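**Student:** Here it is: the structure, laid out below.
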There are 2 protein chains.
Amino acid sequence: MSDPRPIGFFDSGLGGLTVLYSIRERFPSENFIYLGDTARLPYGTKSPETIRRYTEQCIRALLKFDVKAIVVACNSASTAILNSRGTEREIDSPVPLYNVIEPGAEVAIRTSTSKRIGVLGTRATVASNAYARAIEQREPNAIVFQQPAPLLVPLVEEGWESDPLTNLVIYRYLAPLMSQTIDTLILGCTHYPALREGIAKVAGSSIELVDSAMAIAQMLEKDFSQEEKLKIHTTDTSVKGRLTLYATDASPAMDQTAKRLMKDDHLDTFQGFDL
Amino acid sequence: MSDPRPIGFFDSGLGGLTVLYSIRERFPSENFIYLGDTARLPYGTKSPETIRRYTEQCIRALLKFDVKAIVVACNSASTAILNSRGTEREIDSPVPLYNVIEPGAEVAIRTSTSKRIGVLGTRATVASNAYARAIEQREPNAIVFQQPAPLLVPLVEEGWESDPLTNLVIYRYLAPLMSQTIDTLILGCTHYPALREGIAKVAGSSIELVDSAMAIAQMLEKDFSQEEKLKIHTTDTSVKGRLTLYATDASPAMDQTAKRLMKDDHLDTFQGFDL
């Protein structure tokens, strides 16, 4: 049985396109709808109540497109789904609602030998404790060390990914985690994979990096294989799925960023969207 | 004749409190209402249309408090008032509507000998050309050099004001302006005065720094002295005016920041405000 309905993606900005890219590579026949709440970004500096309100609005908006599943590709927004009661969902949805925290936590546990796991995230993600809870529920022996890294997103947006100055900032944020002899580090924000090279250089070869884009792609793959959870669009691999891009504050500069993040010259432009 | 109505202040975040502080020091008997649009900050990375829409909403919200004047303390929001048609106002208001661009431009012209003037601002402020237009309309011989400095706000918010790393970033942004031999530099964002020491060190003694908080305070002083434009609350200097704080995303962390920026332990806490 096939299901042509699109998969909805939502992020505070464009960083979630890196998650979408990973998933679209594995499932090129699927249709996708992406919504970036660029008029109100970033979420990572805002209160849990405001992040939750925004997340609910964006999920409701995606449901109107008759999506078959929703991926909350933003770590800060994902905390609003998992908040305080652990695996029990805070926000209801009639279709499967994926977040990036749980798959990231699961991959980190599988990756770590010492079970000393570090998390780099926005202020909101770290303050929510969502990664620590998701990890400790699944692996009670794990010890989680968290570090807010609020300057990394603006450094990526400034285009200084390979700047020596950025490496100094990375070092400042990683030093407290490294002193805890972690062996695994979760890149807990969609922007951080852009800094992967610098982070890997500072962290050294004894620390494995976990990218939630990869983790969520694996989880979707599993659910597609169990057909009762999620059905693919078509088994005809020659079918190329549609990708529709919406943003609450659309601009031509965004189209450029989208092309860069999606490594694709044939993207449609962002359409404006009012929440 | 006295006018007890409050003066409304509006900023995307809390940086405008530095402007309010300067004005309240000169006019301690006045009543003030401050509105920070913290649920949607920053404005400086968003499109002119979105900044304009947010600015109009905040101005309408302040007008409901029966204010006698409104100070748009945010540079990025101020560009929405002046946009494209120069001194002609884009947004109508039944009470005097102050922005920080025009007074900053006027002080810079008075300060500069060579009329080679630099502007450091957010992406939105620089892209709007508002400072360049305001300066060139008043002083056609002036040459304005602009530099977007998007990392400075996050560095201040991280609390790294006197960090050597911040000085490296300041140097990176100031170098192109200094190569143009400017003699005056406008700090075109309410956060930048927090970096005044580092900026002054990098700029050296041949460049004067212009702070829009000081400039707008001088302009209000002039209008209070011409009573037909603006009337003071009372001539009784023993009267201490009220200050009411509103934020679209209020949090206890904000109250701490407010106390720091206002150098005052006796501030009320922020109240939530829905736009």
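Where a number appears in this text, it was derived from the coordinates with a stated rule and is not lab data. A quick note: this is a predicted structure, and the numbers were derived from the prediction, not measured. Quick reminder, even Gly has a Cβ in these numbers, built from the backbone with ideal geometry, and neighbours come from all protein chains shown.
**Student:** Report the residues of the range A:173-191 in range of a label on A:Ser206: point 7 Å along Cα→C-beta, backbone N strictly under 20 Å from it.
**Tutor:** A:173-187
**Student:** Shielding by partners for A:44-53, please: the mean number of other protein chain Cβ atoms within 10 Å of each residue's Cβ. Please report the intermediate quantities before stating the final value.
**Tutor:** Numbers: counts 0, 8, 7, 10, 1, 5, 8, 2, 0, 2.
If you average over the peptide's residues, the count of other-chain Cβ atoms is 4.
**Student:** Same structure again: Average the reciprocal distances over every distinct pair of alpha-carbons in the range A:141-275, invert the result, and give the Kirkwood radius in Å.
**Tutor:** Value: 17.9 Å, from the Cα pair sum.
**Student:** Below 13 angstrom from the Cβ of B:Val156, what's the summed charge of the other residues (Lys, Arg +1; Asp, Glu -1)? Let's see the in-between values first.
**Tutor:** Working: positive: B:Arg196, B:Arg260; negative: B:Glu157, B:Glu158, B:Glu161, B:Asp163, B:Glu197.
Computed value for this residue: -3.
**Student:** Let me ask something else. Pop out the ³J(HN,Hα) list for the range B:181-193 in order, Karplus 6.51 cos²θ - 1.76 cosθ + 1.60 with θ = phi - 60°, rounded to Hz; leave Gly and Pro as x.
**Tutor:** 6, 5, 10, 9, 10, 7, 7, x, 6, 5, 7, 5, x
**Student:** Taking only C-alpha pairs under 8 Å that are 6+ residues apart, what is the relative contact order of chain B in percent? Don't jump to the answer; show the numbers that get you there.
**Tutor:** Numbers: 523 pairs, mean separation 73.4, N = 275.
Reported as a whole number, the value is 27 percent.
**Student:** Taking 30 Å as R0, compute the FRET efficiency from the Cβ-Cβ separation of A:Ala253 and B:Asp236 and round it to 0.05.
**Tutor:** Working: r = 53 Å, r/R0 = 1.76.
So the FRET efficiency works out to roughly 0.05.
**Student:** Oh, and also: Quick one: putting +1 on the C-beta of Lys and Arg, -1 on the C-beta of Asp and Glu, what dipole do you get for the range A:161-274 around its Cα centre, in Debye to the nearest 20?
**Tutor:** Values: 11 positive and 17 negative charges, 38 e Å.
Its charge dipole is roughly 180 debye.
**Student:** Given 4 °C and 1.567 mPa s, compute D for the range A:44-187 with the Stokes-Einstein relation, Rh being the Kirkwood radius over Cα pairs; round to the nearest whole µm²/s. Please list the in-between numbers first.
**Tutor:** Details: Rh = 16.2 Å.
Taking Rh from Cα pairs, D becomes 80 µm²/s.
**Student:** Which of B:Thr237, B:Thr113, B:Thr45 moves the most in a Gaussian network model of chain B with Cα springs under 10 Å?
**Tutor:** B:Thr237
**Student:** The protein assembly as shown: Rg/Rh from Cα coordinates, Kirkwood Rh?
**Tutor:** On the way: Rg = 24.9 Å, Rh = 24.9 Å.
For the protein assembly as shown, the value is 1.00.
**Student:** Which residue, B:Phe32, B:Phe145, B:Phe224, has the most motion in a Gaussian network model of chain B that connects Cα atoms within less than 10 Å?
**Tutor:** B:Phe224
**Student:** Okay, next question. Relative contact order of the range B:42-188: what whole-number percent is it, with Cα pairs under 8 angstrom and at least 6 residues apart?
**Tutor:** Numbers: 211 pairs, mean separation 37.7, N = 147.
26 percent.
**Student:** Using the basic label-point model (7 angstrom from Cα toward the beta carbon), what is the A:Asn141 to B:Tyr21 distance in nanometres?
**Tutor:** Computed distance between label sites A:Asn141 and B:Tyr21 equals 5.2 nm.
**Student:** In the protein assembly as shown, with Lys and Arg counted as +1 and Asp and Glu as -1 at Cβ, which of these residues, A:Gly188, B:Gly13, B:Ala124, has the Cα nearest the positive end of the dipole, that is, farthest along it?
**Tutor:** Value computed over the given set: A:Gly188.
**Student:** Another one. Quick one: among B:Ile170, B:Ile51, B:Ile91, which has the greatest mean-square fluctuation in a GNM of chain B with alpha-carbon springs under 10 angstrom?
**Tutor:** Comparing B:Ile170, B:Ile51, B:Ile91 in a Gaussian network model of chain B, the most mobile one is B:Ile91.
**Student:** Can you work out ³J(HN,Hα) from phi for every residue in the range B:64-70, in order, using Karplus 6.51 cos²θ - 1.76 cosθ + 1.60 and θ = phi - 60°, giving whole Hz and x for Gly and Pro?
**Tutor:** Ordered by residue, 3J(HN,Hα) equals 5, 8, 6, 7, 9, 6, 10 Hz.
**Student:** Taking each pair of distinct Cα atoms in the range A:1-113 once, what is the resulting Kirkwood hydrodynamic radius in Å? Before the final figure, lay out each step's value.
**Tutor:** Details: mean 1/r = 0.0687 Å⁻¹.
With all distinct Cα pairs of the range A:1-113 included, I get 14.5 Å.
**Student:** Each residue of the range A:238-248 in turn: what ³J(HN,Hα) in whole Hz from Karplus with 6.51, -1.76, 1.60 and θ = phi - 60°, glycine and Pro shown as x?
**Tutor:** Those phi angles translate into 7, 6, 9, x, 8, 10, 10, 10, 10, 9, 6 Hz.
**Student:** Using 1/(1 + (r/R0)^6) with R0 = 22 angstrom and r between the beta carbons of B:Lys263 and B:Arg196, what's the FRET efficiency to the nearest 0.05? Numbers along the way, then the final one.
**Tutor:** Working: r = 15 Å, r/R0 = 0.68.
For R0 = 22 Å, the calculated efficiency reads 0.90.
**Student:** Treating the beta-carbon of each Lys and Arg as +1 and of each Asp and Glu as -1, no other charges, what is the dipole magnitude of chain B about its Cα centre, to the nearest 20 debye?
**Tutor:** Details: 29 positive and 34 negative charges, 83 e Å.
Charge dipole, chain B, about its Cα centre: 400 debye, nearest 20.
**Student:** What are the lysines whose alpha-carbon lies under 27 Å from the alpha-carbon of A:Lys263, with same-chain residues fewer than 8 places away excluded?
**Tutor:** A:Lys68, A:Lys201, A:Lys222, A:Lys231, A:Lys240, B:Lys46
**Student:** Which of A:Ala69, B:Gly272, A:Ser205 sits farthest toward the positive end of the charge dipole of the protein assembly as shown, with +1 on the Cβ of Lys and Arg and -1 on the Cβ of Asp and Glu?
**Tutor:** A:Ser205
**Student:** Under unit Cβ charges (Lys, Arg +1; Asp, Glu -1), what dipole magnitude, rounded to 20 debye, does the protein assembly as shown have relative to its Cα centre?
**Tutor:** Numbers: 58 positive and 68 negative charges, 26 e Å.
It works out to roughly 120 debye.
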